[in-house]
Amino acid sequence: MDLTIRRATVDDCAAIQRVIADSWRESYRGLLEESTVERTTDPAGFYPAKRFRQKLDDSDLRFLVALVGGDVAGVVNICWGSENTHEFVTVDGCEISSLYLAPSFWREGIGTALVEAGRDVFPPGTEESFAEVFSANERGRAFYESVGFHRFDGRTISLYGESLETDLYRRPIRT
């Protein structure tokens, strides 16, 4: 497989929108109400280009894309700082706020490669990385555990009017 990981650019927006929407549809069908999944995953509306461009300009956030044969196969969004992370992330931590792969690339090692490449963009002094996964998302939980994350807590969030349980994960930067 011809895999390249690089920082996302504005030209990647449409492909990233498609990957995220396709991954959501496949991953969260059965976890969220079917009507919610369908209503919220129009690629352009689900992750608006304006929001993406703002995030690209944020100095405390990095988008990396995984390219296979020149096409975007996955994306990871890594962030730090209190403005970009959830309250469970420590001052010396970073958060994987999103990690999505086109379903046709699941179980190909691309998610692992994106997580590992993310270490290269953490700011100096970062001690841990954090992630949040829907508790009912067995595939997501198994993935994070397979790359060395450990569950340390959980919480209930509200998403599109639904209450959902999540698991909180952490992993030391240097293992």
For the range 120-175, what are the residues that are acidic (Asp, Glu) and closer than 20 Å to Cys79 by Cβ? Asp120, Glu127, Glu128, Glu132, Asp153, Asp167
What is the one condition in (1) closer than 22 Å to Met1 by Cβ; (2) touching a Gly at 6+ places or on another chain (Cβ under 8 Å); (3) among the aromatic types (Phe, Trp, Tyr) that Phe134 does not satisfy? (1)
Out of all the residues in the range 155-170, which are surrounded by fewer than 14 Cβ atoms within 10 Å (Cβ to Cβ) and among the aromatic types (Phe, Trp, Tyr)? Tyr160
Number of positions in the range 121-142 that are out of contact with any strand residue (DSSP E or B) (no Cβ under 7 Å at 6 or more places or on another chain), free of Cβ contacts under 8 Å to residues at least 40 places away in the same chain and within 21 Å of Phe105 (Cα to Cα): 2
Residues Arg151, Arg139: which one is part of a strand (DSSP E or B), farther than 17 Å from Met1 by Cα and among the charged types (D, E, K, R)? Arg151
Flagged in the range 95-110 as within 15 Å of Thr4 (Cβ to Cβ) and surrounded by fewer than 18 Cβ atoms within 10 Å (Cβ to Cβ), in numbering order, are Glu108, Gly109
Cβ-Cβ below 7 Å, separation at least six or inter-chain, first residue in the range 10-37 and over 14 Å from Leu159 (Cβ atoms), second in a helix (DSSP H, G or I) and at pLDDT 85 or above: which pairs? Asp22/Pro103; Ser23/Pro103; Glu26/Pro103
Looking at Glu128, Glu87, Glu116, which is the one that is surrounded by 17 or more Cβ atoms within 10 Å (Cβ to Cβ) and of a type in the set (D, E, K, R)? Glu128
Here the residues within the range 150-175 that are aromatic (Phe, Trp, Tyr) and over 14 Å from the mean Cα position of the chain (by Cα) are Phe152, Tyr160
Cβ pairs under 6 Å, 6+ apart or interchain, first in the range 54-82 and free of Cβ contacts under 8 Å to residues at least 24 places away in the same chain, second among the small types (Gly, Ala, Ser) and assigned to a strand (DSSP E or B), ordered by first then second residue, are Asn77/Ser97; Asn77/Ser98; Cys79/Ser97
Residue hits (the range 136-154; in contact with a Phe, Trp or Tyr (Cβ under 6 Å, 6 or more places away or on another chain) and surrounded by fewer than 17 Cβ atoms within 10 Å (Cβ to Cβ)) are Arg151
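The values are calculated or read from the model by the stated rules, or taken from the named source; none is laboratory data. From a predicted model like this one, the values you see are computed outputs, not experimental measurements. Neighbour counts run over all protein chains shown; Cβ positions are idealised from the backbone, glycine included.
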